[in-house]
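Peer 1: Would you mind keeping the following structure in view while I ask a few things?
The values are calculated or read from the model by the stated rules, or taken from the named source; none is laboratory data. Computed from a predicted model, the values in this text were never measured in an experiment. Cβ placement follows ideal geometry from the backbone for every residue including glycine, while neighbour counts extend to all protein chains displayed.
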Amino acid sequence: MPVRSLVSKPDLTQLKYQARDLLKALAARDRAAAQRAREFHPQFHQKGDAEIFAGLVRLSDAQTIIAREYGFRSWVALKRYVEKPTAAANPELSYYERIEDATFLKGLHLIDDGNVAALQAHLREHPDLVHQRVLFEGGNYFRNPTLLEFVAENPVRRDTLPENIVEVAKVLLDAGAKEDMAALNETLGLVCSGRVSRERGKQLPLIELLCSYGADPERGMSTALAHGEFEAVDGLIQHGARVDLTVAAALGRTETAHELLPNATSEERHGALALASQFGHASVVQLLLDDGQSPDRYNPAAFHAHSTPLHQAALAGHMDVVRLLVERGANLDMTDTIWKGTPIDWARHAGNSQVESYLLSQKAKAQAAASE
(Lines give C-alpha, C1' and ligand atoms only; values in the text may rest on other atoms or scores of the structure.)
Protein backbone atom coordinates (compact mmCIF):
# COMPACT_ATOMS: atom_id res chain seq x y z
CA MET A 1 0.00 0.00 0.00
CA PRO A 2 1.87 3.09 -1.18
CA VAL A 3 1.51 6.07 1.10
CA ARG A 4 1.45 9.80 0.49
CA SER A 5 4.17 12.12 1.74
CA LEU A 6 3.44 14.98 4.10
CA VAL A 7 4.48 18.47 3.08
CA SER A 8 7.50 19.83 4.93
CA LYS A 9 5.34 21.81 7.35
CA PRO A 10 2.00 19.97 7.59
CA ASP A 11 -1.03 21.85 8.85
CA LEU A 12 -3.50 19.99 11.06
CA THR A 13 -6.42 22.08 9.82
CA GLN A 14 -5.70 21.07 6.23
CA LEU A 15 -5.50 17.43 7.26
CA LYS A 16 -8.89 17.75 8.93
CA TYR A 17 -10.26 19.20 5.68
CA GLN A 18 -8.88 16.15 3.84
CA ALA A 19 -10.84 13.87 6.17
CA ARG A 20 -14.02 15.85 5.55
CA ASP A 21 -13.38 15.79 1.79
CA LEU A 22 -13.12 12.02 2.00
CA LEU A 23 -16.52 11.86 3.68
CA LYS A 24 -17.96 14.06 0.94
CA ALA A 25 -16.50 11.78 -1.73
CA LEU A 26 -18.07 8.77 -0.03
CA ALA A 27 -21.42 10.58 0.12
CA ALA A 28 -21.06 11.13 -3.64
CA ARG A 29 -20.47 7.36 -4.03
CA ASP A 30 -16.94 7.79 -5.32
CA ARG A 31 -15.46 4.31 -5.86
CA ALA A 32 -11.90 5.50 -5.33
CA ALA A 33 -12.90 6.88 -1.92
CA ALA A 34 -14.46 3.53 -1.00
CA GLN A 35 -11.24 1.77 -1.99
CA ARG A 36 -9.23 4.14 0.19
CA ALA A 37 -11.44 3.22 3.15
CA ARG A 38 -11.08 -0.47 2.34
CA GLU A 39 -7.30 -0.30 1.99
CA PHE A 40 -6.40 1.88 4.94
CA HIS A 41 -8.96 1.10 7.65
CA PRO A 42 -9.07 -2.47 9.01
CA GLN A 43 -12.76 -2.13 9.87
CA PHE A 44 -13.62 -1.87 6.17
CA HIS A 45 -11.21 -4.39 4.60
CA GLN A 46 -13.99 -6.83 3.77
CA LYS A 47 -16.73 -4.29 3.01
CA GLY A 48 -18.16 -3.74 -0.45
CA ASP A 49 -18.73 -0.32 -2.00
CA ALA A 50 -22.45 -0.35 -1.21
CA GLU A 51 -21.84 -1.04 2.48
CA ILE A 52 -19.26 1.73 2.72
CA PHE A 53 -21.50 4.19 0.89
CA ALA A 54 -24.30 3.37 3.33
CA GLY A 55 -22.68 5.62 5.91
CA LEU A 56 -20.40 3.27 7.80
CA VAL A 57 -17.48 5.72 7.67
CA ARG A 58 -17.61 8.40 10.36
CA LEU A 59 -15.38 11.44 10.73
CA SER A 60 -13.10 9.63 13.20
CA ASP A 61 -12.77 6.78 10.68
CA ALA A 62 -11.98 9.24 7.90
CA GLN A 63 -9.25 10.78 10.05
CA THR A 64 -7.79 7.32 10.66
CA ILE A 65 -7.77 6.68 6.91
CA ILE A 66 -6.00 9.98 6.24
CA ALA A 67 -3.41 9.24 8.93
CA ARG A 68 -2.68 5.79 7.52
CA GLU A 69 -2.47 7.14 3.99
CA TYR A 70 0.42 9.22 5.28
CA GLY A 71 1.99 6.19 6.96
CA PHE A 72 0.94 6.90 10.57
CA ARG A 73 -0.73 4.24 12.64
CA SER A 74 -3.47 6.56 13.92
CA TRP A 75 -4.84 10.09 13.78
CA VAL A 76 -3.43 10.66 17.27
CA ALA A 77 0.05 9.72 16.06
CA LEU A 78 -0.25 12.00 13.03
CA LYS A 79 -1.54 14.88 15.18
CA ARG A 80 1.30 14.38 17.64
CA TYR A 81 3.87 14.53 14.84
CA VAL A 82 2.34 17.66 13.29
CA GLU A 83 2.34 19.43 16.63
CA LYS A 84 5.75 18.19 17.73
CA PRO A 85 7.83 16.56 14.96
CA THR A 86 10.25 13.81 15.98
CA ALA A 87 13.20 12.25 14.20
CA ALA A 88 11.67 8.76 14.42
CA ALA A 89 8.68 9.87 12.34
CA ASN A 90 10.61 11.90 9.77
CA PRO A 91 10.89 9.80 6.58
CA GLU A 92 13.33 12.32 5.10
CA LEU A 93 15.99 11.20 7.59
CA SER A 94 17.99 8.01 7.27
CA TYR A 95 17.04 5.10 9.49
CA TYR A 96 20.25 5.60 11.42
CA GLU A 97 19.20 9.16 12.25
CA ARG A 98 15.68 8.06 13.22
CA ILE A 99 16.80 5.50 15.82
CA GLU A 100 17.17 7.19 19.20
CA ASP A 101 18.20 4.12 21.24
CA ALA A 102 22.00 3.98 21.23
CA THR A 103 22.13 0.28 22.12
CA PHE A 104 19.82 -0.68 19.28
CA LEU A 105 21.70 1.60 16.88
CA LYS A 106 25.03 -0.02 17.78
CA GLY A 107 23.50 -3.44 17.05
CA LEU A 108 22.36 -2.22 13.66
CA HIS A 109 25.82 -0.90 12.79
CA LEU A 110 27.34 -4.27 13.74
CA ILE A 111 24.82 -6.03 11.49
CA ASP A 112 25.62 -3.75 8.58
CA ASP A 113 29.34 -4.21 9.16
CA GLY A 114 28.96 -7.99 9.26
CA ASN A 115 30.91 -8.00 12.53
CA VAL A 116 29.77 -11.34 13.93
CA ALA A 117 32.05 -11.49 16.96
CA ALA A 118 31.20 -7.97 18.12
CA LEU A 119 27.51 -8.57 17.51
CA GLN A 120 27.57 -11.74 19.61
CA ALA A 121 29.29 -9.86 22.42
CA HIS A 122 26.79 -6.98 22.17
CA LEU A 123 23.85 -9.39 22.37
CA ARG A 124 25.36 -11.19 25.37
CA GLU A 125 25.67 -7.83 27.12
CA HIS A 126 22.09 -6.88 26.16
CA PRO A 127 20.14 -10.18 25.97
CA ASP A 128 16.77 -8.48 25.52
CA LEU A 129 17.92 -6.51 22.49
CA VAL A 130 16.79 -9.13 19.97
CA HIS A 131 13.22 -8.72 21.23
CA GLN A 132 13.27 -4.93 21.18
CA ARG A 133 11.49 -2.98 18.46
CA VAL A 134 11.86 0.56 17.17
CA LEU A 135 8.92 2.59 15.93
CA PHE A 136 8.96 4.41 12.60
CA GLU A 137 6.02 6.49 11.36
CA GLY A 138 5.48 7.92 7.91
CA GLY A 139 6.03 4.80 5.78
CA ASN A 140 3.88 2.13 4.21
CA TYR A 141 5.79 -0.72 5.87
CA PHE A 142 8.76 -1.39 8.17
CA ARG A 143 7.07 0.51 10.97
CA ASN A 144 8.02 -1.50 14.05
CA PRO A 145 11.03 -3.71 13.26
CA THR A 146 13.35 -5.75 15.41
CA LEU A 147 17.03 -6.03 14.57
CA LEU A 148 16.34 -9.21 12.61
CA GLU A 149 14.20 -7.39 10.05
CA PHE A 150 17.12 -5.13 9.12
CA VAL A 151 19.03 -8.08 7.61
CA ALA A 152 16.72 -7.94 4.55
CA GLU A 153 17.94 -4.47 3.50
CA ASN A 154 14.32 -3.72 2.63
CA PRO A 155 13.61 -0.84 2.65
CA VAL A 156 16.92 0.00 1.05
CA ARG A 157 19.24 1.84 3.43
CA ARG A 158 22.73 1.27 2.01
CA ASP A 159 21.95 -0.68 -1.18
CA THR A 160 24.25 -3.49 -0.14
CA LEU A 161 24.59 -6.36 2.32
CA PRO A 162 27.64 -7.79 4.09
CA GLU A 163 28.84 -10.97 2.44
CA ASN A 164 28.21 -12.91 5.65
CA ILE A 165 24.64 -11.65 6.18
CA VAL A 166 23.30 -15.22 6.51
CA GLU A 167 25.74 -15.85 9.37
CA VAL A 168 24.74 -12.51 10.90
CA ALA A 169 21.07 -13.47 10.72
CA LYS A 170 21.84 -16.83 12.35
CA VAL A 171 23.55 -15.04 15.23
CA LEU A 172 20.38 -13.01 15.85
CA LEU A 173 18.16 -16.07 15.58
CA ASP A 174 20.29 -18.13 17.99
CA ALA A 175 20.36 -15.20 20.42
CA GLY A 176 16.58 -15.42 20.74
CA ALA A 177 15.11 -13.77 17.65
CA LYS A 178 13.71 -17.17 16.62
CA GLU A 179 11.26 -16.89 19.51
CA ASP A 180 9.50 -13.92 17.90
CA MET A 181 7.43 -15.59 15.21
CA ALA A 182 5.95 -12.30 14.00
CA ALA A 183 9.43 -10.86 13.40
CA LEU A 184 10.57 -14.10 11.80
CA ASN A 185 7.70 -14.05 9.30
CA GLU A 186 8.02 -10.33 8.70
CA THR A 187 11.71 -10.76 7.91
CA LEU A 188 10.88 -13.52 5.45
CA GLY A 189 8.41 -11.22 3.69
CA LEU A 190 10.99 -8.45 3.48
CA VAL A 191 13.63 -10.81 2.07
CA CYS A 192 11.18 -12.17 -0.50
CA SER A 193 10.23 -8.73 -1.78
CA GLY A 194 13.63 -7.06 -1.65
CA ARG A 195 15.82 -6.63 -4.69
CA VAL A 196 19.09 -6.09 -2.76
CA SER A 197 19.08 -9.56 -1.19
CA ARG A 198 18.48 -11.05 -4.66
CA GLU A 199 21.10 -8.91 -6.38
CA ARG A 200 23.66 -9.85 -3.72
CA GLY A 201 22.85 -13.56 -4.09
CA LYS A 202 21.49 -13.80 -0.55
CA GLN A 203 17.73 -14.04 -1.10
CA LEU A 204 17.46 -17.81 -1.41
CA PRO A 205 20.02 -18.56 1.36
CA LEU A 206 18.13 -16.22 3.71
CA ILE A 207 14.81 -17.84 2.79
CA GLU A 208 16.30 -21.25 3.54
CA LEU A 209 17.69 -20.06 6.88
CA LEU A 210 14.48 -18.37 8.03
CA CYS A 211 12.29 -21.31 7.02
CA SER A 212 14.64 -23.71 8.82
CA TYR A 213 14.00 -21.68 11.98
CA GLY A 214 10.26 -21.93 11.60
CA ALA A 215 9.21 -19.03 9.36
CA ASP A 216 6.00 -19.80 7.49
CA PRO A 217 6.72 -19.90 3.71
CA GLU A 218 3.11 -18.86 3.05
CA ARG A 219 3.77 -15.55 4.79
CA GLY A 220 6.37 -14.49 2.25
CA MET A 221 4.36 -15.38 -0.82
CA SER A 222 2.18 -12.30 -1.28
CA THR A 223 5.08 -9.86 -1.05
CA ALA A 224 7.18 -11.94 -3.43
CA LEU A 225 4.34 -12.11 -5.96
CA ALA A 226 3.45 -8.42 -5.76
CA HIS A 227 7.05 -7.44 -6.51
CA GLY A 228 7.67 -10.03 -9.18
CA GLU A 229 10.39 -11.79 -7.16
CA PHE A 230 9.86 -15.12 -8.85
CA GLU A 231 13.10 -16.71 -7.64
CA ALA A 232 11.79 -16.12 -4.12
CA VAL A 233 8.42 -17.59 -5.13
CA ASP A 234 10.16 -20.77 -6.31
CA GLY A 235 12.16 -20.89 -3.10
CA LEU A 236 9.04 -20.59 -0.98
CA ILE A 237 7.33 -23.35 -2.95
CA GLN A 238 10.35 -25.57 -2.36
CA HIS A 239 9.94 -24.95 1.37
CA GLY A 240 6.29 -25.93 1.39
CA ALA A 241 4.28 -22.92 0.23
CA ARG A 242 1.24 -24.07 -1.72
CA VAL A 243 0.45 -23.11 -5.29
CA ASP A 244 -3.06 -21.65 -5.15
CA LEU A 245 -4.91 -19.85 -7.94
CA THR A 246 -3.24 -16.53 -7.17
CA VAL A 247 0.24 -18.07 -7.38
CA ALA A 248 -0.59 -19.98 -10.57
CA ALA A 249 -1.95 -16.79 -12.17
CA ALA A 250 1.13 -14.76 -11.30
CA LEU A 251 3.37 -17.46 -12.75
CA GLY A 252 1.27 -17.76 -15.91
CA ARG A 253 0.44 -21.42 -15.32
CA THR A 254 -2.80 -21.49 -17.28
CA GLU A 255 -3.51 -25.22 -16.98
CA THR A 256 -2.90 -25.17 -13.25
CA ALA A 257 -5.09 -22.10 -12.89
CA HIS A 258 -7.86 -23.86 -14.81
CA GLU A 259 -7.64 -26.84 -12.47
CA LEU A 260 -7.64 -24.69 -9.32
CA LEU A 261 -10.36 -22.25 -10.36
CA PRO A 262 -13.46 -24.29 -9.35
CA ASN A 263 -12.38 -24.52 -5.71
CA ALA A 264 -10.66 -21.15 -5.43
CA THR A 265 -11.91 -18.57 -2.95
CA SER A 266 -13.20 -15.18 -4.04
CA GLU A 267 -10.05 -13.62 -2.57
CA GLU A 268 -7.85 -15.92 -4.66
CA ARG A 269 -9.80 -15.06 -7.80
CA HIS A 270 -9.49 -11.35 -7.09
CA GLY A 271 -5.73 -11.58 -6.53
CA ALA A 272 -5.30 -13.82 -9.55
CA LEU A 273 -6.78 -11.27 -11.95
CA ALA A 274 -4.66 -8.50 -10.45
CA LEU A 275 -1.39 -10.41 -10.84
CA ALA A 276 -2.13 -12.04 -14.19
CA SER A 277 -2.83 -8.55 -15.55
CA GLN A 278 0.30 -7.09 -13.96
CA PHE A 279 2.57 -9.76 -15.41
CA GLY A 280 0.91 -10.04 -18.81
CA HIS A 281 -0.56 -13.54 -18.71
CA ALA A 282 -3.40 -13.01 -21.18
CA SER A 283 -4.62 -16.60 -21.20
CA VAL A 284 -5.07 -16.53 -17.42
CA VAL A 285 -6.76 -13.14 -17.60
CA GLN A 286 -9.21 -14.52 -20.16
CA LEU A 287 -9.89 -17.54 -17.97
CA LEU A 288 -10.72 -15.30 -15.02
CA LEU A 289 -12.85 -12.91 -17.04
CA ASP A 290 -14.79 -15.88 -18.42
CA ASP A 291 -15.30 -16.89 -14.79
CA GLY A 292 -17.04 -13.57 -14.19
CA GLN A 293 -14.30 -11.50 -12.55
CA SER A 294 -14.83 -7.76 -12.91
CA PRO A 295 -12.26 -6.08 -15.18
CA ASP A 296 -12.53 -2.71 -13.43
CA ARG A 297 -12.54 -3.69 -9.79
CA TYR A 298 -9.74 -2.22 -7.71
CA ASN A 299 -6.99 -4.71 -6.92
CA PRO A 300 -6.92 -6.36 -3.46
CA ALA A 301 -4.74 -5.34 -0.55
CA ALA A 302 -1.09 -6.37 -1.00
CA PHE A 303 -1.45 -6.39 -4.80
CA HIS A 304 -1.35 -2.67 -5.62
CA ALA A 305 -4.79 -1.91 -4.23
CA HIS A 306 -4.57 1.73 -5.30
CA SER A 307 -5.01 0.63 -8.93
CA THR A 308 -7.06 -1.61 -11.22
CA PRO A 309 -5.92 -4.50 -13.44
CA LEU A 310 -6.03 -2.11 -16.43
CA HIS A 311 -3.75 0.37 -14.67
CA GLN A 312 -1.17 -2.34 -14.07
CA ALA A 313 -1.38 -3.79 -17.58
CA ALA A 314 -1.09 -0.32 -19.12
CA LEU A 315 1.88 0.53 -16.93
CA ALA A 316 3.70 -2.67 -17.92
CA GLY A 317 2.78 -2.36 -21.60
CA HIS A 318 0.93 -5.66 -21.91
CA MET A 319 -1.12 -4.81 -25.00
CA ASP A 320 -2.87 -8.18 -25.27
CA VAL A 321 -4.05 -7.94 -21.68
CA VAL A 322 -5.09 -4.31 -22.13
CA ARG A 323 -7.22 -5.27 -25.15
CA LEU A 324 -8.84 -8.13 -23.25
CA LEU A 325 -9.75 -5.96 -20.30
CA VAL A 326 -11.14 -3.17 -22.48
CA GLU A 327 -13.15 -5.59 -24.61
CA ARG A 328 -14.67 -6.98 -21.41
CA GLY A 329 -15.79 -3.55 -20.24
CA ALA A 330 -12.95 -2.14 -18.17
CA ASN A 331 -13.63 1.49 -17.27
CA LEU A 332 -11.10 3.74 -19.02
CA ASP A 333 -11.85 6.65 -16.72
CA MET A 334 -11.25 4.98 -13.36
CA THR A 335 -8.51 6.76 -11.45
CA ASP A 336 -6.00 5.33 -9.04
CA THR A 337 -6.50 6.32 -5.43
CA ILE A 338 -3.19 8.15 -4.93
CA TRP A 339 -2.21 10.10 -8.04
CA LYS A 340 -5.71 10.25 -9.55
CA GLY A 341 -4.44 8.94 -12.86
CA THR A 342 -6.41 6.92 -15.40
CA PRO A 343 -4.93 3.89 -17.21
CA ILE A 344 -4.22 6.26 -20.11
CA ASP A 345 -2.19 8.45 -17.76
CA TRP A 346 -0.31 5.42 -16.49
CA ALA A 347 0.53 4.26 -20.01
CA ARG A 348 1.75 7.76 -20.87
CA HIS A 349 3.83 7.95 -17.70
CA ALA A 350 5.52 4.64 -18.57
CA GLY A 351 6.17 5.70 -22.16
CA ASN A 352 3.97 2.95 -23.56
CA SER A 353 2.79 4.92 -26.57
CA GLN A 354 1.12 1.97 -28.30
CA VAL A 355 -1.03 1.25 -25.27
CA GLU A 356 -1.77 4.94 -24.80
CA SER A 357 -2.87 5.34 -28.43
CA TYR A 358 -5.10 2.29 -28.22
CA LEU A 359 -6.78 3.44 -25.01
CA LEU A 360 -7.29 6.94 -26.41
CA SER A 361 -8.92 5.50 -29.54
CA GLN A 362 -11.21 3.33 -27.43
CA LYS A 363 -12.20 6.30 -25.31
CA ALA A 364 -12.97 8.34 -28.44
CA LYS A 365 -15.14 5.52 -29.77
CA ALA A 366 -17.04 5.32 -26.49
CA GLN A 367 -17.61 9.07 -26.45
CA ALA A 368 -18.81 9.05 -30.06
CA ALA A 369 -21.23 6.21 -29.35
CA ALA A 370 -22.58 8.02 -26.29
CA SER A 371 -23.26 11.18 -28.28
CA GLU A 372 -25.29 9.44 -30.97
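Peer 1: Across region 242-263, what is the total count of residues that are surrounded by fewer than 21 Cβ atoms within 10 Å (Cβ to Cβ) and either charged (D, E, K, R) or under 23 Å from the mean Cα position of the chain (by Cα) (or both)?
Peer 2: Counting residues in region 242-263 that are surrounded by fewer than 21 Cβ atoms within 10 Å (Cβ to Cβ) and either charged (D, E, K, R) or under 23 Å from the mean Cα position of the chain (by Cα) (or both) gives 7.
Peer 1: Name the single residue that is surrounded by the most Cβ atoms within 10 Å (Cβ to Cβ) among those in region 1-20 being over 25 Å from the mean Cα position of the chain (by Cα) and either outside any loop (DSSP other than H, G, I, E, B) or among the β-branched types (Val, Ile, Thr) (or both).
Peer 2: Only one residue fits best here, namely 16.
Peer 1: Can I ask one more? Suppose we filter 266, 277 for residues that are crowded, with 20+ Cβ neighbours inside 10 Å, polar (S, T, N, Q) and assigned by TED's automatic domain parsing to the domain that holds residue 322; which single one remains?
Peer 2: Working: 266 fails: crowded, with 20+ Cβ neighbours inside 10 Å.
Just a single option satisfies the conditions, and that option is 277.
Peer 1: Would you be able to say whether some residue in region 31-48 is hydrophobic (A, V, I, L, M, F, W, C), over 15 Å from residue 337 (Cβ atoms) and assigned by TED's automatic domain parsing to the domain that holds residue 78? Steps first, answer last, please.
Peer 2: Taking region 31-48 as the starting set, the residues that turn out to be hydrophobic (A, V, I, L, M, F, W, C) are 32-34, 37, 40, 44.
Okay, now just the ones that are also over 15 Å from residue 337 (Cβ atoms), so none.
No, there is no match, as no residue in region 31-48 is hydrophobic (A, V, I, L, M, F, W, C), over 15 Å from residue 337 (Cβ atoms) and assigned by TED's automatic domain parsing to the domain that holds residue 78.
Peer 1: Quick test for you: out of 121, 182, 102, pick the one residue that is of a type in the set (A, V, I, L, M), within 24 Å of residue 74 (Cα to Cα) and out of contact with any Cys (no Cβ under 8 Å at 6 or more places or on another chain).
Peer 2: On the way: 121 fails: within 24 Å of residue 74 (Cα to Cα); 102 fails: within 24 Å of residue 74 (Cα to Cα).
From the options 121, 182, 102, the qualifying one is 182.
Peer 1: For residues that are without any contact (Cβ under 8 Å) to a residue 24 or more places away in the chain and not hydroxyl-bearing (Ser, Thr, Tyr), scanning just region 254-276, find the one that is nearest to residue 320 (Cα to Cα). Lay out the reasoning, then the answer.
Peer 2: In the first step, residues of region 254-276 are kept if they are without any contact (Cβ under 8 Å) to a residue 24 or more places away in the chain; the result is 255-256, 259-260, 262-266.
In the following step, the residues that additionally are not hydroxyl-bearing (Ser, Thr, Tyr) were identified as 255, 259-260, 262-264.
Details: 255: 19, 259: 23, 260: 23, 262: 25, 263: 27, 264: 25 Å.
Checking each candidate, the answer is 255.
Peer 1: Please specify each residue of region 2-28 satisfying the condition of being closer than 26 Å to residue 54 by Cα, in contact (Cβ under 8 Å) with a residue 40 or more places away in the chain and charged (D, E, K, R).
Peer 2: Scanning region 2-28 gives 16, 20.
Peer 1: Further, regarding this structure: Filter region 29-57 for residues that are in a loop (DSSP other than H, G, I, E, B) and in contact (Cβ under 8 Å) with a residue 24 or more places away in the chain and give the result. Steps first, please.
Peer 2: Step one: of region 29-57, the residues in a loop (DSSP other than H, G, I, E, B) are 29-30, 41, 45-48, 57.
Of everything in region 29-57, those that are in a loop (DSSP other than H, G, I, E, B) and in contact (Cβ under 8 Å) with a residue 24 or more places away in the chain turn out to be 29, 41, 45, 57.
Peer 1: Conditions: (1) assigned by TED's automatic domain parsing to the domain that holds residue 184; (2) out of contact with any Phe, Trp or Tyr (no Cβ under 9 Å at 6 or more places or on another chain); (3) in a helix (DSSP H, G or I). Residue 76 meets all but one. Number of the miss?
Peer 2: With (1) assigned by TED's automatic domain parsing to the domain that holds residue 184; (2) out of contact with any Phe, Trp or Tyr (no Cβ under 9 Å at 6 or more places or on another chain); (3) in a helix (DSSP H, G or I) applied to residue 76, the lone miss is (1).
Peer 1: With respect to the numbered conditions (1) touching an Asp or Glu at 6+ places or on another chain (Cβ under 9 Å); (2) touching a residue at least 40 places away in the same chain (Cβ under 8 Å); (3) crowded, with 17+ Cβ neighbours inside 10 Å; (4) not polar (S, T, N, Q), which one is the sole condition not fulfilled by residue 111?
Peer 2: Tallying (1) touching an Asp or Glu at 6+ places or on another chain (Cβ under 9 Å); (2) touching a residue at least 40 places away in the same chain (Cβ under 8 Å); (3) crowded, with 17+ Cβ neighbours inside 10 Å; (4) not polar (S, T, N, Q), residue 111 fails exactly one: (1).
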